[in-house]
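This report concerns only the one structure given below.
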Amino acid sequence: IDHIEGGGATNRAFGINWLNRYWLAVSTTASDTESSLILIRAKATSKNPDAWMPISGINVRSLAKDGESTLYAGASSTGVFYRLDYGNNFNGNQIISYYKTPFIYFNTLFNEKSLFEYYLVAEKFPNSSISIGLSQDGGAFEYSNYSLNGTSGDLLNHVIQNLFKKKAKTYQWEFRHSTLDTPFVFHNFAVRAVPTDVRR
């Protein structure tokens, strides 16, 4: 932000460049004195460099960095400082990480497909798990949980069967991870689906 018209109101937006990503803190209402939303821009090297990641739940009024090693924020309501972009928890609470795929139609948009099995490759950590959600033809996600428990850094190579040949024209998946103080390292996810002769 290079210029703010009208001076420095308590709900003004402010930002900082941190490790080649821009952090922007904004209020959510015109009268809000606490900046309750932080937006982090994707790196320039990202496949989608115009994407922004939202963070909510920490109200801040200032951002500052100690060289290129530490990023701090001053709280707007509690009088404390936060260390940002560090560790594997969100102010003592678990971080809910998730990724949602676009709609997948397997090169046959008009025909139904029969879904048979998954192949998952992810890193193990103690007491860790993953939830895989499946949406068929734009419907609600149905979630199944799978264990990632094991020695830190070991790879899980897992075939997930018994999908009961779920049939649809399009599929979408969502991967969720929320284990406290545990990273989520996801390497690959493959699907075996077979087109049918059913058009609808």
Which of (1) over 20 Å from the mean Cα position of the chain (by Cα); (2) farther than 30 Å from Gln172 by Cα; (3) not polar (S, T, N, Q) is the odd one out, the single condition Ile58 does not satisfy?
-> (1)
Restricting region 173-188 to residues that are in a strand (DSSP E or B) and open to solvent by 40 Å² or more (accessible area, probe 1.4 Å), the residue that is nearest to Ser129 (Cα to Cα) = Arg176
Inside region 68-107, the number of residues satisfying the requirement of being loosely packed, with under 14 Cβ neighbours inside 10 Å, part of a loop (DSSP other than H, G, I, E, B) and more than 22 Å from the chain's Cα centre (by Cα) is 7
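Any residue at all in region 120-134 that's of a type outside the set (D, E, K, R), surrounded by 13 or more Cβ atoms within 10 Å (Cβ to Cβ) and over 21 Å from the mean Cα position of the chain (by Cα)? Quick ask: steps written out before the conclusion?
Going through region 120-134, the residues of a type outside the set (D, E, K, R) turn out to be 120-122, 125-134.
Subset that is surrounded by 13 or more Cβ atoms within 10 Å (Cβ to Cβ): 120-122, 125, 128-134.
Adding the requirement that they be over 21 Å from the mean Cα position of the chain (by Cα) leaves none.
Checked against the condition, which is being of a type outside the set (D, E, K, R), surrounded by 13 or more Cβ atoms within 10 Å (Cβ to Cβ) and over 21 Å from the mean Cα position of the chain (by Cα), region 120-134 yields no hits at all.
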Subset of region 152-172, residues open to solvent by 60 Å² or more (accessible area, probe 1.4 Å), part of a loop (DSSP other than H, G, I, E, B) and not hydrophobic (A, V, I, L, M, F, W, C), comes to Ser152, Asp154, Gln161, Asn162, Lys165
Selection status of Thr101, at pLDDT 90 or above and either in contact with a Lys or Arg (Cβ under 6 Å, 6 or more places away or on another chain) or closer than 30 Å to Tyr22 by Cα (or both) = yes
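The values are calculated or read from the model by the stated rules, or taken from the named source; none is laboratory data. Everything numeric in this text was worked out from a predicted model, so none of it was measured. Cβ sites come from the backbone with ideal geometry, for glycine too, and all protein chains shown count toward neighbours. Please note that ligands, DNA and RNA were not included when accessible areas were found on the heavy atoms of the full protein model with its side chains. Shrake-Rupley method; radii C 1.70, N 1.55, O 1.52, S 1.80 Å.
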